[in-house]
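Engineer: To start, I am sharing the structure in question, which I have written as structure tokens.
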Amino acid sequence: MKTKKWLGLSMTTVLAAGMLAACGSNNNGGNASPSASGSAPSSPASSAGASPSASGTDASKPLEGNLVLWTYFDGVKGLAEQFMAKNPGVKVDVQIFPGDQYQTKLMSALQTGKEAPDILDLERGYIGKFIDSKYLADLSSMGAEDLVKDYIPYVQALGRSSDDKLRAIADTSSPGGFWYLKDTAKKYLGTDDPDQISDMVSSWDKIIELGKKVAQDSGGKEHLMENAGDLFDIEAYNTQPWVQDGKLNIDPKWKDIYETQLKIRQNNVDAKLAFMSAGWGNALNDGSVVLTAMPAWAGFMIDNKDDKAKGKYGVAKTPDGYYSGGTYHAIYDKSKNKDLAYEFIKFAASEEWQKYNLDTTGNMPGTSKVFEANMTTYKNAFTGDQNVLQPFYDMVKSIPATKPDKYGEDILSTWRKVASDGVTNNKSYDDVVASFKKEVKNTFPELKVD
Amino acid sequence: MSKYITRGILYLFMIAVAVTCLLPFYSMIITSTHTNSDIARKLLLIPGDQFMENYSRLKESVNIWRGFANTVFIAVVATAINVYFAALAGYGFSKFNFRLRNGLFMFVLGTMMIPGQLGIIGFFKLMESLNMLNTYWPLILPAIHNAFGIFLMRQYADSSVPTEILESGRIDGYGEFQIFNRLVLPIMTPALATLAIFSFIGKWNDFLTPMIILFDNNLQTLPVMIASLKSQFTSDFGAQYVGIVISVVPILVFFAFMSKRIINGVAAGAVKG
Amino acid sequence: MGSKINKSYYGYFFVAPFFIGFAVFGLAPILYTLYLSFMKWDGFTDPVYVGIANYTRLLHDSFFYQTIGNTMIIWVMSNVPQLIISLLLALILNEKFIRGKHFFRAVYFFPHMVTAVTLGVIFSLMFDWQTGSVNKLLMDIGLIHDPINWFNSPWWSRTIASGVIVWQYFGMNMIILIAGLQSIPNEVYEAAEIDGATKPQVARYITLPMIRQVILFVFITSVIGGLQLFDAPLMLGDGPGNSVRTMVMYLYEMAFKNYDYSYGAAVAYGIFVIVMFFTALTARITRTKE
């Protein structure tokens, strides 16, 4: 549930960037992407009635009409503006509902169907609850399989319902990595080279040893990691699903993870700063913590007033690749503008937009094509001449592709809550599992818990 | 001498409580004028110069003034309805000796015992089926039934509305509702004012109902906006503080002018109840 | 009086709006909630009748029992100090020699004018362990060395939640108590003065017994209000180990966060039973005392 909040935060920065960029650009059709739009050969039967047929994107008829889009994330405005710039006949009304109530609003609107949007955004944290509902249009039958054929496996899988149909598509992947201030890294790790550092932290055992050293060298003042809780994020999607065949399933790997977290805490490896808290942000900026596990979209947390953070940072790989959050665009099944909405989704999935988005906001693309094409040319302001796509790409490729389910994220956040409490109070793994099971049983009485 | 010491202690106690009441608000206002990094690092006691900066970040995604206006609108309309219908029924119970009077009045009092959240889920579903979600109707119309108000109004009508007025009205050829609207309501003004204060404070505070009923940001009320500040501006404390300040300061100003009236109204209402 | 009897059926027209309003916006939702509590419904699919399954679940729901306990604890922690403070202040402010009465009454009442949600947010910001002013203050005056993570401790969290409620209501209750005090005729005090009673004696043996009705009124409203605690604690969160989650917060979470509307409906009726029970209990206790 936390991710949602983090995403909300990025509004100011991302929006500002998006707006500026949108004003300056005028690339109508010129360098339209080769893959996405052109190669959709047969649009499905569903496009029969409406006027702007799906096949006519580039050449024939210009698109016309109005779309209503609901989102919780300000950054989506940038996407809508680019789409409108490309299709002057289309007006996309982006309605942003930040905060915790978006889900409830969405739910009421979909149920009543009265003021429901054409396109709705779903966050990774709760897409599982909506994905199998009758409210989302089947994108596969509209030809969307073609849009995601080059996608990073996990990114496209998260938009699939349990019958394997595509129901939503993201325009970004949200990989995370260890961000570090180069000066601090040099001081405590002896190097600021991302590859060498990636190597030094390639396993949790190495991290604990290294962390002990950092704590010692600094007299306990500085720490290697922000928080033992970072392991929840990093390992969450590298473990088995929480629910299998209607039964709660606790991956045995969680035992190792939990014990690693205890060791991290006991050996003063972490600074006990919660992700996105004020202290966490300070540590990221002043280097009192060496490595900050942070998704690429959270770059706005780096204070870059007057370019002071320019080129100061590096990104190293985490022991396992991870992502955090993700915004998925879906079409309301009863929308009257399904075909136009599909054009919008198509644009979001295009290399053209994703490249543009990478350049302007630093959000990592969802398709491998953009990663591969810009691997050595893309430079990020914070990370200077590092080819920062490389570590992220290596990591995203390794993340297993799993479909979302209605329990996963809720159970994960329950685990996060119970296990964090356990780490703080130094409880045994068995105690943690016992109280975890109790909570799960209570929230989801229909699940088998033994 | 000891008399002065006791008095000194009493004053000290009162001042201490008063400071506790105001200090958090002072701290809010001061904090809202500083940068995030200062908020995170220092104890702030004197005003800074970052208020507008923080405000502009807040303004970008939250239209707090709109929320303010919405809440005022809802509270005023609901209060007017509440007061009018409470007076109507209170007067009806007071001056008309219909057969079921006592039974119905007991029923009215009985509804006061029902906890407010009992029907909230059903209320939500019902408003959905009446197509009233995302409108102000569900926030305003329920003000028609206010048992406490009826009780208060009946008390007042019993004691302060002379029955002769009704009779003289009837002799003048007024209908029953004309008598109420033209002759009785003006007499009941003091009680109306008291009830209005209660009702307004209650509506102003209303949180759960607008939160589940309204989706549209432009319709949203202030308490709901304030509640979502925390999740929206996770680590942007400056913007959060500004939001709080904006929601508190107008009340502070309003209260500074009206405090005597409000407090006397509350006291009057409480003694009757 | 003759004309009154002739017109008395008009009374039905005057009271009718209340009953219509109550039927539509009060009773119907309550009955609908009752109906839902016998269903299984998550908002995505159509409701299915499940009999008393939700209530059986509720009876075995240890988290629900925990919320009852939390509500009681927060109620005691907030209302006991709150009633004492408001009574003390009412007695003091009722003294003739005190100056600036209106100023103090206004200042004490002011927190009540600010919405509970705002108060909750203010407290959660003030007690934020990294950025809050409370820790900063304590560290600056040297009481503590490291910031205290208030919301990591169940008892601190409950204390803070209770603090918000004390802060919000003591001024309001004080005003009511003062109103009660002022209804005591002056002759009573004069008589006591002639008999040579001291101030505390007057308060103990004369004033308090005479305003007992008002104190009871304040007490009963605080029982009913206290059992329905929601807004302010919601802003502070569930607390560690759910130690600040109140009954109504649980209802809200079940229905509007987990979308388990049907179970939420059963929780609503569970709360109803508990509120009725405690209201009856309070009424019984106060009656036997008389």
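Only the coordinates and a few stated rules stand behind these numbers; no lab work does. Because the structure is predicted, anything quoted here is derived from the model rather than measured. All Cβ positions, even for glycine, are placed from backbone atoms using ideal geometry, and neighbour counts span all protein chains on display.
Engineer: Specify whether the C-alpha gyration tensor of segment C:59-289 places it in the rounded, prolate or oblate class, a ≥ b ≥ c being the square roots of the eigenvalues: rounded for a/c under 1.5, otherwise prolate if a/b is larger than b/c and oblate if not.
Structural biologist: Taking the square roots of the gyration eigenvalues as a ≥ b ≥ c, segment C:59-289 is oblate.
Engineer: Over all distinct alpha-carbon pairs, what is the Kirkwood Rh of segment C:29-79 in angstrom?
Structural biologist: In segment C:29-79 this quantity evaluates to 13.0 Å.
Engineer: Given just the C-alpha atoms of segment B:62-232, how large is their convex hull per residue in cubic angstrom?
Structural biologist: 138 Å³
Engineer: DSSP loop (so not H, G, I, E, B), at most 15 other Cβ within 10 Å: list which chymotrypsin sites (Phe, Trp or Tyr not before Pro) in segment B:107-216 pass both filters.
Structural biologist: Sites meeting the loop and neighbour criteria: none at all.
Engineer: Next up: On a 0 to 90° scale, report how tilted helix A:102-112 is relative to the longest principal axis of chain A, with both axes built from alpha carbons and the result rounded to the nearest 10.
Structural biologist: Roughly 30 degrees, rounded to the nearest 10.
Engineer: Find the relative contact order for chain B and round it to a whole percent, using C-alpha pairs within less than 8 Å whose residues are 6+ positions apart.
Structural biologist: 31 percent
Engineer: Separate question: Do you know the relative contact order of segment B:1-99, to the nearest whole percent, from alpha carbon pairs under 8 angstrom that are 6+ apart?
Structural biologist: Answer for segment B:1-99 is 16 percent.
Engineer: Which loop chymotrypsin sites (Phe, Trp or Tyr not before Pro) in segment A:345-407, with loop taken from DSSP, have no more than 10 other Cβ atoms within 10 angstrom of their Cβ?
Structural biologist: none
Engineer: When the Kirkwood hydrodynamic radius is evaluated over all pairs of different C-alpha atoms of chain A, what value in angstrom, to one decimal, is obtained?
Structural biologist: 22.8 Å
Engineer: Here's a follow-up. Partner chain Cβ atoms within 10 Å, averaged over the residues of B:105-117 - can you pull that number for me?
Structural biologist: 5
Engineer: Using only atoms on other chains, find how many Cβ atoms lie within 10 Å of each Cβ of peptide C:228-236 and report the average.
Structural biologist: Taking all residues of C:228-236 together, the mean is 3.
Engineer: Which value, in Å to one decimal place, does the Kirkwood hydrodynamic radius take for the protein assembly as shown when every pair of different Cα atoms is included?
Structural biologist: It works out to 31.3 Å.
Engineer: Connecting C-alpha atoms closer than 10 Å in a GNM of chain C, tell me which of C:Leu36, C:Leu138, C:Leu119 has the biggest fluctuation.
Structural biologist: Looking only at C:Leu36, C:Leu138, C:Leu119, the largest GNM fluctuation is found for C:Leu138.
Engineer: Right, another one. With springs connecting C-alpha atoms under 10 Å apart, model chain C as a Gaussian network and identify which of C:Pro233, C:Pro81, C:Pro29 has the largest mean-square fluctuation.
Structural biologist: C:Pro29
Engineer: Grab the alpha carbons of segment B:9-138, take their convex hull, and tell me the volume per residue in Å³.
Structural biologist: Hull volume normalised by residue count: 251 Å³.
Engineer: Of A:Gly299, A:Gly229, A:Gly190, which is the most mobile in a GNM of chain A whose springs link Cα atoms less than 10 angstrom apart?
Structural biologist: Among A:Gly299, A:Gly229, A:Gly190, the largest mean-square fluctuation in the Gaussian network model of chain A belongs to A:Gly190.
Engineer: In whole angstrom, note down how far apart the Cα centers of segment A:423-450 and segment C:210-246 are.
Structural biologist: Centre-to-centre (Cα) distance: 30 Å.
Engineer: Seen from all sides and averaged, what is the projected area of the convex hull of the Cα atoms in segment A:293-411, in nm²?
Structural biologist: Over all viewing directions, segment A:293-411 projects a mean Cα-hull area of 9.7 nm².
Engineer: Let me ask something else. Could you work out how far the C-alpha centroid of segment C:67-140 sits from that of segment B:78-154, in angstrom?
Structural biologist: 31 Å
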